[in-house]
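What follows draws every value from the coordinates through simple rules; no lab data is involved. What you see is a predicted model, and the numbers here were worked out from it, not measured in a lab. Cβ: placed from backbone, ideal geometry, glycine included. Neighbour counts: every protein chain shown.
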Amino acid sequence: MTQWELVRVDHHQFALGEPGADTLNAVAEGTLIEVGPGFVSFYTGITYGPARLALDLLEHAPDTEATQEWEVIEEATITTTSDIVVTTLDGTESTTLTPIPAGRYVVRAHTRGRDTRYGEDVTGMAHIDWLRDVLTDMDAGNPVNDDFIANFAARNRLDQDPRITRRIVSGLPAHRELVQQYEALATYSRSMYTEAEPLESAIEAFWHAAKTYGMDYPELIDAACRDFFDKQ
């Protein structure tokens, strides 16, 4: 089963390994990962901020056809004597991913889109605990969160969270200015709304997502074409 997590990136990296591993003690590196005693570090495009991680624990090598869409694929072998966890470079451990039992593992990593926001300090809100949990549940196919479907409770909570900065953006061409974070909430609400037809929900969610991107909406369109149509 795939586990999903929003990890905190620091200096272009996060790590997978045993707690307390010295992530500065790398003995081999590629363009995507570097490896040392008891850990693997991953290079990201952004410098700081949240990155989405999908973690699969398999008993065999993954299907090669499933990796054709990725831009970079690298692998390495690590051996640990304690449970394996996801950590930031300062050692902060993920509290939502289930630890992996100690042992010897081949770690295969693949990624795409690192050049999209290379070097940026991303200050989004997807890493905020109560929002991260809802997004993780969505990725896992868990039931919807009614507070977010109604939107009002989630919006009030967003307004009261001092960690979230609300930004007014230009919106789409020929449309009024709007609050980006409100549109992001509406994107989730419409995508998970069960009382509408699936196509209607998809169109509404994409519309709010485009307004969240504002004048950067071509990035969303490119991602949608890549994720949905390039797989056909």
| request: Starting from the Cα coordinates of the stretch 60-132, work out the convex hull volume and express it per residue in Å³. | output: 153 Å³
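Work out, step by step, the length gained on full extension between residue 176 and residue 142: first 0.36 nm times the residue separation, then minus their alpha carbon distance; give nm to one decimal.
Working: separation 34, 0.36 × 34 = 12.24 nm, distance 3.48 nm.
The span from residue 176 to residue 142 would gain 8.8 nm if fully extended.
Stokes-Einstein diffusion coefficient for the stretch 129-229 at 37 °C in a medium of 0.692 mPa s, Rh from the Kirkwood formula over Cα pairs: what value in µm²/s?
This corresponds to a translational diffusion coefficient of 228 µm²/s.
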| request: Considering only 18, 204, 71, give the residue with the highest GNM mean-square fluctuation for the chain, with springs between Cα atoms whenever their separation is below 10 Å. | output: 71
| said: Need one number: convex hull volume per residue for the chain, Cα atoms only, in Å³. | reply: 143 Å³
| request: Provide, in order from the shortest bin, the percent of all Cα-Cα pairs of the stretch 3-111 in each 5 Å bin, continuing until the bin that contains the maximum pair distance. | output: 2, 12, 24, 27, 23, 10, 2, 0
| remark: Connecting every pair of Cα atoms under 10 Å apart in the chain and solving the GNM, the largest mean-square fluctuation among 109, 202, 210 falls on 202
| task | Would you order 200, 75 from fewest to most other beta-carbon atoms within 10 Å of each residue's own beta-carbon? | result | 200, 75
| request: Using label points projected 7 Å from each Cα along Cα→Cβ, tell me how many nm separate residue 117 and residue 28, to one decimal. | output: 3.2 nm
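May I ask you to list the chymotrypsin sites (Phe, Trp or Tyr not before Pro) in the stretch 43-127 that are in a DSSP loop and have at most 15 other Cβ atoms within 10 Å of their Cβ?
Working: sites: 43, 48, 70, 105, 118; in loops: 70, 118.
Hits after loop and neighbour filter: 70, 118.
For the chain, what is the percent of antiparallel DSSP beta bridges, rounded to the nearest 5? Show your work: numbers first, answer last.
Working: 34 of 35 bridges.
Counting DSSP beta bridges with both partners in the chain, the antiparallel share is about 95 percent.
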